[in-house]
Amino acid sequence: MTKSTSRWVGASLARKQDLRLVTGHGRYTDDISVPGMLHAAMLRSPHAHARIKSVDVSRARALPGVHAVLTGEDAKRYWGPLAPTIDIGMKVPTVYALATDKVYYMGEPVVAIAADTRYLAEDALEFIDVEYEVLPAVTDTEAALAPGAPLLYPEWGDNVQCAWGMSVGAVDETFARADHVFEFRLPQHRYSGASLEGRAALAHYDAYNRKLTLHCSTQAPNLVRTLVAQTFRFPEHDVQVIAPDIGGGYGNKLQADAEVIPCLLSLATGRPVKWTESRQENLLSGMQCRDYVWYLKVAVSKDGILQGLDAQVLGNVGCDGTCHAAGAGKFLVAAGYVPGPYKWHAFRVATKVAVSNKAPSGAYRGYGKDIANYPLEVAMSRMADALGLSPAEFRRRNFVGKDEFPYQQISGPVYDSGDYAQCLAKLLELVDYDEVKQRQAATQGKSAKYLGIGIASMLEPSGGAVPSCIFNSYEVATVRLMPEGGVLVLTGHQDIGQGSETTLCQVVADELGLTPDDVRVVYGDTNAVPYGLGPWSSRGATFNVSCIAEAARRLKANLFEVVANLWQCEAAGLVAADGAIVEPGGRRMTLRELGNKLHLWPGAFGVVPKHVANPFEVTHYWTSPIASWTPDELGRIRLYTTHPSGSSAIIVEVDAETGKIEVKDVAIVDDCGVIINPTIVEGQLHGGYVQGIGGALMEEFHYDERGQLWNTDLTSYLHPLATDVPDIKCDHVISPSPYTTLGTKGMGEGSTIMPCAAMVNAVEDALKPFGVRVDQLPLTPERVIRLLKTSSIWREMYEVGA
Amino acid sequence: MKFEGESEVSGTPPVVWDALIDPKVIERCTPGCQSLAVVGPDDFELVTKIGIASISGTYKGRMRIAEKLVGERYVMSAEGAGPIGTMSVVGIVTLQDNGDATRVAYSFEATVGGAMTGLAQRALLPIAKLLTKQFFKRVEKVIAGEDLPAEEVGS
Amino acid sequence: MNEAAMKAIRVTTSVNGTSYTRAVEPRLLLSDFLRNELGLTGTHVGCEHGKCGACTVLVGGRAVRACLMFAVQAEGKSVETIEGLAAGADALHPIQRAFIDCHGLQCGFCTPGMINSTRALLAANPAPTDQEIRAGLAGNICRCTGYVNIVKAVRQAANEMRTTAAPEGVSK
Amino acid sequence: MKPKPFDYVRVDTLPALFSALAAHDNAKIIAGGQSLVPMMNFRVAQPEVLVDINGVEALNHVGRDGDWLCIGAMARYQDLIDSPLVRESLPLLSEALGHVGYPAIRNRGTLGGSVVHNDPSAEGGVALCCLGAEVVVASAKGERVVPIAEFFVTTYLTDIAPHEVLTEIRIPVPLPRSGSAFRELAKRVGDFAIVNVAALVSVGAGDKVSAVSLALGGVAETPLSFDVGPAVIGHPLDAARAAEAARLVDALSDPQDDNVAGGEYKRHLAGVLVKQALLAAYIDAMAKGA
């Protein structure tokens, strides 16, 4: 396949979808209304762990304007347990989208109502009486794993949903003869994407067509269709899922949990039913993420070379991480990637994933790669400090070198390409690291404001292919030439704000010598596109772009055969450029002319030679050339296709009197291989990084020990605002990937992976005079002061009333 | 969240004691109480309509009196659920003879739950304190035979 | 259902220059009135307790939360929503063009509220500093962009609107 | 979430308001609605009748009345922030109101509504306590004037009966050589303040403090004034005096844990902000005196 010169890949094209979005003509799920539509609301459990003794819905059913009131038991007539989204050696509970005998977390739906308006549906909730027998609850990860903890699923005998581990090399000997052994305990709290558009689903079961149509705010329409069909035991080919514009997903919208409830209500009433969740419902029962604690042991030689890593991560997936959502899998990914971008001689890891009385756990920008990055990048800076090395120098000594690729990491994955040292070097230049350190030295202690800089490097495994789960291992897409010479791309990928509606046009335009305006991407309708899997683990720029580029190339090859036959010349000599197929120095046929010839004048019989495959459209199946599920001799497998990388820095000013952290500057250097649209890439870096800063400083789902959630509105679940973050400087290193068609690597998650570690490193750097070690996130002002109070130096300087 | 307090209630301890554990008195003295059903010995189900400041709504609650030491002390536990969420209060009420009046001291531990813990949590403790003060003031009036004002403070 | 739910009230209000009269239940929020009664779904709802800013519209020329007003309170008022800003698909307001040029949006859910807050900000302060832009938009949560390109877009819109000196850009 | 049903009554004059309040017992007044409507949407507040006073122009005014500044209950935050009269005579109030919410909240929200709603760390309430304001509460039977400290009963509860309405807030204009400062820490712009402090310092001849007024939010059930006179009056206000004042406040306040922050941290933060506010107010007063 001749690689065409890239005119559009690499261009910062303005986005096609922006015209409708800036004028208010976007079409999000809640914007859609259909005649006869009812509205759903759900009664949710006020208790975290309780048996349902009785549910009396008689008064609610009698209310005018109420058309259906269904309990978990009623619903069993229509559906089975929630279909599992993942089962890699996990305990899969039998759970329903409406609680039946037991509730497992505060906010779990117990009764579903369909009424004329959302107002009436909410009114009707107060006419339902549920009698609960409250059970003891457990929310802390280590408490849930301890013997004697209240069990969510007694038949399990414990609260462990899955466990896994591996060991490579002489671990114990390496630690025995190491010059230094460092130990760390590094927890991270629970928070999530909390997109501005919550979940929304408009379901319509048409009995006369035996067809269920579901409009839904989802990142994966095809996956939702399969899960809905499985949960209802309904023929999948009679389900259609339509995903219009999506108001942000970030990984949270990859399953069919409460989305099946409007389907239930439509089956029960025979009418379309729309459910648009309130912010409370999203915070109580939307997917929640992170929530883990690492125990790390690192063996280092006296000249600062990493020898051995012995790690354990205990994860908390709330009530379930298999059926409500696929969150359990992220701790397997975390365990496999904790070695990060560094070289090791011996490695041992174990993970145990606990269930507890909290909301279900899904994916959020990272799915384990963020979990893997956090402990090691904090440990690297703390160890550098202990060894008297700069954080950058200690990393540089241990990076995989740029000439060692493809490099098989000790835990199994093959890193495709990169230049980790150059990313770091460019970062230090971009943020003017030395100047900041000089300024820090000159100002330290002169006022209550302490300057600090923290760095973190990262690895962003992308293009995932995970066995026995919805995040599977292929992509299918179609590229179709229209009679008038335009091109349609039919893809299961979903634009959730990352701009694929535009970037995929740039790819196809280059392949077929067209302009992006000649190409339209069709997505978001399971009856109109092949079975593609949607955006997660940056699948767009890896699986999807490769699949579509290769489909376009195959279509071009077939078109060249047709033209070569017409012109009686060699197909190999032809090129596609400026909207036409060209014989260098000779004849030229526009795609419009070719399209008309193929379809109309004279039509296929007249122009298509017998041996040419379909010149109209090509549907291509692409899978990763490097991912592999067959264990190698050490039992290791490879789940990801490419390994983008990068480094970033945060500069903070910590007020030692109030504990407030001000983020003064942020710089990111990213290596995501070939860049399709630089402006869109930088937009992802800005947005992802600020989400990470939110997690580090202010976002938290705080459950007390009884399982009561304290963050049920936006006065207590705090997103970063425009005033909380500065402008962000970006730069790039480009190491094309050998494993994708265009050398692209994906970059949707990397910028969210780094900020927590960089923030902890920055705050510890700023407060070095007080010897502070962060033991808990988020770093609210209160928590910073609690840390500082442990320092006698601080108490002398700042204790009030001392 | 803890809250304590005490009230001077005219009447001797035995008189005050009888009033405090009498369901009919509890029904009349609990601010906004719409109904009280005796479901067992010292076990009552109440429906109260709260109208304090902008917090208003109907709350279904369960109140139990236990560990009674006649004339001296008892343990009161109550849970309520309503629009604001769930709230449970457990505490000890003690009576001391103070000449012609009885000093009633209470020390309660309140735990809050339900969806509204975020916004409304700031209001729950102060309101719980206010309702408790009002309760004991109304008990005093009942003992003294005075009629009860319809609505205390609060718009 | 108590009878209060049935008692509808006539409300007449101007939205984007067009007068509408509807009978509405008093409790109908202005956000739901615009979206469901008038079909103007460009006003988005993210929280319904005044914190996220997605429902920001202009009432009497001032930015307000449509989720913290009842439709009946818009009686006799002039409401402006995102749909009224551009004269047409090919006649965008400088703010809208700037958001496209500077990639000041990704999923687009916060954009209508963000643009309405920007209209009000620039009307009150035609040459805001970056800090003033960020303070002016502090009440509009964006979860995708990290605000960097939004500030850039507002800066570009402010410069262009000052040079063309039109009171509120091209269309008004 | 959606509010519960209610009857809606729009009034344009005070007499119409009084008759509406008299006609309905569970009636609630709505002014800006920026605190009330969220609670109605959460169904925590469920008024059966809503009386809308946005049309009562008589309540929407700002003006001087001798040594007093009078603010109508319907005056919007943003109008007060933009008012040169308020900025000149009560710079403390302008500074405090700048911390309230966001532009869209300040355009609709009213100082009167906030005072009646009475959040424990409401910037308006804290400034008014420090300034020794009083409120005018009216009903069909007439008016009564209540000092702000007595008007605040407990969190979200004020000394106003269902048939009454707050019509005006009256604030004494500080002495000429007076300086003020408002300090607050919230996790983000526009969030509930964890603690806030309003300080008003007057200097007599030379550089000695002649009068001081201090109020804090977030450390008690309502905004609360603290007498720090003994620590600062009669002396130049230096860091040591400010620290002494902070100790006085510390001894008198008992901040509780709540959803925003823990009591221990609030106590520490109060100390920090009291010192900052007093020193800044003193510098402001000295600058005015020169």
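Scanning for something more than 14 Å from chain B (Cβ to nearest Cβ) and in contact (Cβ under 8 Å) with a residue 40 or more places away in the chain, does the range D:156-166 turn up at least one residue? Don't jump to the end; show me each part of the working.
Filtering the range D:156-166 down to residues more than 14 Å from chain B (Cβ to nearest Cβ) leaves none.
Looking for residues that are more than 14 Å from chain B (Cβ to nearest Cβ) and in contact (Cβ under 8 Å) with a residue 40 or more places away in the chain, one finds none in the range D:156-166, hence no.
The criterion of at least 3 residues that are more than 27 Å from residue C:51 (Cβ to Cβ) is met, among helices (runs of 4 or more DSSP H) falling completely within the range D:69-154, by D:84-89, D:148-151. The residue that is farthest from the other protein chains (Cβ to nearest Cβ), among those in the range C:34-71 that are assigned to a loop (DSSP other than H, G, I, E, B) and of a type in the set (A, V, I, L, M, F, W, C), is C:38. Scanning the range A:705-763 for residues that are of a type in the set (Gly, Ala, Ser), assigned to a loop (DSSP other than H, G, I, E, B) and on the phi < 0 side of the Ramachandran plot returns A:716, A:735, A:737, A:748.
Taking each residue of the range A:687-712 that is in contact (Cβ under 8 Å) with a residue 12 or more places away in the chain and looking for partners that are among the β-branched types (Val, Ile, Thr) and part of a helix (DSSP H, G or I) with beta-carbon atoms closer than 6 Å, six or more apart or interchain, yields A:688/A:752; A:691/A:752; A:692/A:752.
Kindly indicate whether residue A:89 is touching a residue at least 60 places away in the same chain (Cβ under 8 Å), away from chain B (no Cβ under 14 Å) and not in a strand (DSSP E or B). Steps first, answer last, please.
Numbers: touching a residue at least 60 places away in the same chain (Cβ under 8 Å): yes; away from chain B (no Cβ under 14 Å): yes; not in a strand (DSSP E or B): yes.
Yes; evaluated as a whole, the condition is true for this residue.
Kindly provide the set of residues from the range C:112-153 that are over 15 Å from the mean Cα position of the chain (by Cα), more than 9 Å from every other protein chain (Cβ to nearest Cβ) and assigned to a helix (DSSP H, G or I), ordered by number. Please lay out each step first, then the result.
Taking the range C:112-153 and keeping what is over 15 Å from the mean Cα position of the chain (by Cα), we get C:124-135, C:143-153.
From what's left, more than 9 Å from every other protein chain (Cβ to nearest Cβ): C:125-129, C:132, C:153.
Listed by number, the residues that qualify are C:132, C:153.
Quick check on the range B:63-89: of everything there that is part of a strand (DSSP E or B), of a type in the set (A, V, I, L, M, F, W, C) and away from chain D (no Cβ under 14 Å), which residue is nearest to residue B:124 (Cα to Cα)?
Among residues in the range B:63-89 that are part of a strand (DSSP E or B), of a type in the set (A, V, I, L, M, F, W, C) and away from chain D (no Cβ under 14 Å), the one nearest to residue B:124 (Cα to Cα) is B:89.
Could you check the range C:142-156 and list, in sequence order, the residues that are among the polar types (S, T, N, Q) and surrounded by 24 or more Cβ atoms within 10 Å (Cβ to Cβ)? Within the range C:142-156, C:145, C:149 qualify. Screening residue D:77 on (1) over 22 Å from the mean Cα position of the chain (by Cα); (2) within 14 Å of chain C (Cβ to nearest Cβ); (3) among the aromatic types (Phe, Trp, Tyr) shows it passes everything except condition (1). One residue stands out among those in the range A:739-770 that are in contact with an Asp or Glu (Cβ under 6 Å, 6 or more places away or on another chain) and of a type outside the set (A, V, I, L, M, F, W, C): the one that is surrounded by the fewest Cβ atoms within 10 Å (Cβ to Cβ), which is A:741. Yes or no: residue A:66 buried (at least 19 other Cβ atoms within 10 Å of the Cβ) and away from every other protein chain (no Cβ under 14 Å)? So residue A:66 does not fit the description; no. For the range D:121-141, the criterion of being in contact (Cβ under 8 Å) with a residue 60 or more places away in the chain, out of contact with any Cys (no Cβ under 6 Å at 6 or more places or on another chain) and of a type in the set (Val, Ile, Thr) is satisfied by at least one residue. Summed over the range C:84-111, the residues that are assigned to a helix (DSSP H, G or I), among the hydrophobic types (A, V, I, L, M, F, W, C), within 7 Å of another protein chain (Cβ to nearest Cβ) and buried (at least 22 other Cβ atoms within 10 Å of the Cβ) give a count of 1. Here the condition is being closer than 30 Å to residue A:626 by Cβ and of a type in the set (A, V, I, L, M); of A:767, A:788, A:742, A:777, it holds for A:742 alone. Every listed requirement among (1) in a strand (DSSP E or B); (2) under 30 Å from residue C:29 (Cα atoms) is met by residue A:106 save one, (1).
Taking the range A:46-76, which residues are within 25 Å of residue A:117 (Cα to Cα), modelled with pLDDT of 95 or more and part of a loop (DSSP other than H, G, I, E, B)? Lay out the reasoning, then the answer.
Restricting attention to the range A:46-76, the residues satisfying the condition of being within 25 Å of residue A:117 (Cα to Cα) are A:46, A:55-75.
Now restrict to residues that are modelled with pLDDT of 95 or more: A:55-75.
Within the range A:46-76, A:57, A:62, A:63, A:64, A:65 meet the criteria.
Residues of the range A:109-155 that are within 14 Å of chain D (Cβ to nearest Cβ) and either in a loop (DSSP other than H, G, I, E, B) or of a type in the set (Gly, Ala, Ser) (or both): A:115, A:116, A:117, A:121, A:124, A:126, A:127. Annotation note: of A:430, A:332, A:389, the sole residue that is under 20 Å from residue A:667 (Cβ atoms), among the hydrophobic types (A, V, I, L, M, F, W, C) and in contact (Cβ under 8 Å) with a residue 24 or more places away in the chain is A:430.
Of the residues making up the range A:450-479, those that are touching a strand residue (DSSP E or B) at 6+ places or on another chain (Cβ under 8 Å) and surrounded by fewer than 17 Cβ atoms within 10 Å (Cβ to Cβ) are A:468, A:474. Among the residues of the range D:11-41, the one identified as within 7 Å of chain C (Cβ to nearest Cβ) and either surrounded by fewer than 22 Cβ atoms within 10 Å (Cβ to Cβ) or touching a Pro at 6+ places or on another chain (Cβ under 7 Å) (or both) is D:41. Taking the numbered list (1) surrounded by 21 or more Cβ atoms within 10 Å (Cβ to Cβ); (2) facing another protein chain (nearest Cβ under 8 Å) in turn, residue C:31 passes all entries but (2).
The values are calculated or read from the model by the stated rules, or taken from the named source; none is laboratory data. Since this is a predicted model, take the numbers as computed values, not measurements. All Cβ positions, glycine included, derive from the backbone under ideal geometry; neighbour counts span all protein chains shown.
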